[in-house]
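The values are calculated or read from the model by the stated rules, or taken from the named source; none is laboratory data. The structure displayed is predicted, hence computed values, not measured ones. Here the Cβ is made from the backbone with ideal geometry for all residues, glycine too, and neighbour counts use every protein chain on show. Accessible surface is based on the protein model in full, side chains and every heavy atom, while ligands, DNA and RNA are left aside. Shrake-Rupley method; radii C 1.70, N 1.55, O 1.52, S 1.80 Å.
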Amino acid sequence: MARPRVLSGIQPTADSFHLGNYLGAVRQWVTLQETHDAFYCVVDLHAITVPTEPDALRRRSRVAAAQLFAAGLDPERSTIFVQSHVREHSELAWILNCLTGMGEAARMTQFKDKSAKFGESAASVGLFTYPILQAADILLYQANRVPVGADQKQHLELTRDLGGRFNHRYGETFTLPEPYILKEVEKITDLQEPTAKMSKSSSSPAGILDVLEQPGPLRKKVMRAVTDTGSEVLFDEENKPGISNLLRIQSALTGTSIPDLVARYEGQGYGTFKKDVAEAVVEAFSPIRERTEKLLSDEKELDRMLAIGAERASAVARETMAQVRDRVGFLPTL
Ligand code: TYM
């Protein structure tokens, strides 16, 4: 029997992924390539929904791809590609735009959050239709599962709604995907503001742990992470959001359960615990940083790997789009 298919995407909007991207998404991508037919893309079309310098976009797209390979995605087993290389993403997004209600799109909370930064009328229409392009990414590949963090739940609901609507209107065409979200790591929070999601657009870099950051600054940031009153290492999201976040991180990185960690640090205070968290982060990130640097030193080879991914992805996307065009009623090209 064919393996179930998995698809996910990540934006090239920063010079490094951060710990939230890594624990919430990329690590699951690596695991899922063992059991799934895996497609992962660097979503550059999504990146330009906010103003972006062309040179920065080129650099960040390569850095993103390199980090994916460096994190353990195997080009033999997974199809790693850049979204804009597969033209069908934009084409399907247009068709799905025409199936989406204005009110339906306006309910997307991520648009509301992001556009609040620019003022709603200054935000681009592309930012408004961002989740519809995301739906196209997923539906094009007939994905069964989509590994993401909790912030993407609403976009995946929209994807299912749009896929279902198309199927209902034009006949069974799309597989409706299930989100794949690991509860323990679905929302890694900011080290300085432990009730807010760790995010590229955070107000201070001190709250974000970047995968490509050097050990020195990583350690410093963990040691300076906002902790809570009291001195005991306990998991209590409400009263100890800072320590609870660090416990979640430590547990995910070392494979030790949270209750076991709590028992281990009993009576030891925050200092020893934070030191160990810092070491676990450095240990996880250093090999990825080193492999990323190596991959980036040979851009030609990296571009070649992405060309192979684009070819494999295009073969699937073309097949879906041929069917979609016909179902919608577009004339065939002879
Ligand atoms: P992006 O680049 O903003 O985020 C990439 C992935 O990282 C997850 N994530 C987190 N998980 C846990 N804790 C955090 N603090 C944290 N911050 C980010 C995100 O949930 C995401 O899984 N819209 C997508 C990109 C996309 C996509 C797709 C995803 C475009 N097309 C198709 C899946 C399928 C996004 O948020 O990217």
Item checked: Principal-axis tilt of helix 88-97 within the chain, Cα atoms, nearest 10 degrees -> 80 degrees
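For the stretch 68-159, count all C-alpha to C-alpha pairs, find those more than 19 Å apart, and express that count as a whole percent of the total. Write out the running numbers ahead of the final one.
Numbers: 2061 of 4186 pairs.
Value for the stretch 68-159 (Cα pairs over 19 Å): 49 percent.
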Margin query: How far apart, in nanometres, would the label points at Thr333 and Arg224 be if each is projected 7 angstrom from Cα along the Cα-to-Cβ direction?
Written below: 5.5 nm
Notebook entry, point to check: Measuring from a point 7 Å past the Cα of Glu319 along Cα-to-C-beta, which residues in the stretch 167-196 have an amide N at less than 20 Å?
Noted result: 167, 171-178
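Nearest 20 debye, what's the magnitude of the dipole of the stretch 63-153 about its Cα centre given +1 on Lys and Arg Cβ and -1 on Asp and Glu Cβ?
Details: 8 positive and 9 negative charges, 44 e Å.
Result for the stretch 63-153 is approximately 220 debye, rounded to the nearest 20.
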Margin query: For the stretch 18-177, take every pair of Cα atoms, bin their distances at 10 Å starting from 0, and report each bin as a whole percent.
Written below: 10, 37, 39, 14, 1
Item checked: Ellipticity estimate at 222 nm from DSSP helix runs (n ≥ 4, -39,500 (n - 2.57)) divided over the chain, nearest 500 -> -16000 deg cm²/dmol
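Please grab the % of Cα pairs in the chain that end up more than 31 Å from each other.
Numbers: 19564 of 55611 pairs.
That tail contains 35 percent of the Cα-Cα pairs.
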Check: Name the GluC sites (Glu not before Pro) in the stretch 236-334 that are in a loop by DSSP and that have at most 15 other C-beta atoms within 10 Å, would you?
Finding: Glu237, Glu238, Glu266
Checklist line | Accessible surface ranking that places the most exposed of Cys41, Cys98 first, with a 1.4 angstrom probe | finding: Cys98, Cys41
Note to self: Which residues does the label zone of Gln268 cover in the stretch 196-235, counting backbone N under 16 Å from a point 7 Å along Cα→Cβ?
What the structure shows: 223, 231-235
Next item on the list: With a probe of 1.4 Å, find how much accessible area the stretch 1-120 has per residue, and write the answer as a whole number in Å².
Entry: 43 Å²
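How big is the dipole moment of the stretch 1-141 about its Cα centre under a simple scheme where the beta carbon of each Lys and Arg is +1, that of each Asp and Glu is -1, and everything else is neutral? Debye, nearest 20, please.
On the way: 13 positive and 14 negative charges, 38 e Å.
Result for the stretch 1-141 is approximately 180 debye, rounded to the nearest 20.
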Note to self: At a threshold of 8 angstrom on Cα-Cα distance, excluding pairs fewer than six apart, so keeping six or more, what relative contact order does the chain reach in percent?
What the structure shows: 22 percent
Next item on the list: Counting only heavy atoms of the protein chains, get the accessible area per residue of the stretch 168-258 (1.4 Å probe) and round it to a whole Å² value.
Entry: 51 Å²
Next item on the list: Keeping the other protein chains in place, figure out the carbon and sulfur percent of the accessible area of the chain, with a 1.4 Å probe.
Entry: 52 percent
Check: Quick one: which of Lys117/Lys300; Lys114/Lys187; Lys114/Lys183 span more than 28 angstrom between C-alpha atoms?
Finding: Lys117/Lys300
Next item on the list: Take the alpha-carbon positions of the stretch 182-254, form their convex hull, and give its projected area averaged over all directions (one quarter of the hull surface) in nm².
Entry: 5.2 nm²
Next item on the list: Identify the residues of the stretch 10-51 with backbone N under 18 Å of a label point that sits 7 angstrom from the Cα of Glu299 along the Cα-to-Cβ direction, or state none.
Entry: 12-16, 44
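Please work out the FRET efficiency for the pair Asp260 and Asp113, using the Cβ-Cβ distance as r and a Förster radius of 30 Å; give the result to the nearest 0.05.
Values: r = 36 Å, r/R0 = 1.20.
With R0 = 30 Å, the Cβ-Cβ based efficiency is 0.25.
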Check: Counting only protein chains, not ligands or nucleic acids, how are Arg248, Arg165 ordered by accessible area (probe 1.4 Å), most first?
Finding: Arg165, Arg248
Notebook entry, point to check: What is the distance in Å between the Cα centres of the stretch 233-260 and the stretch 174-229?
Noted result: 13 Å
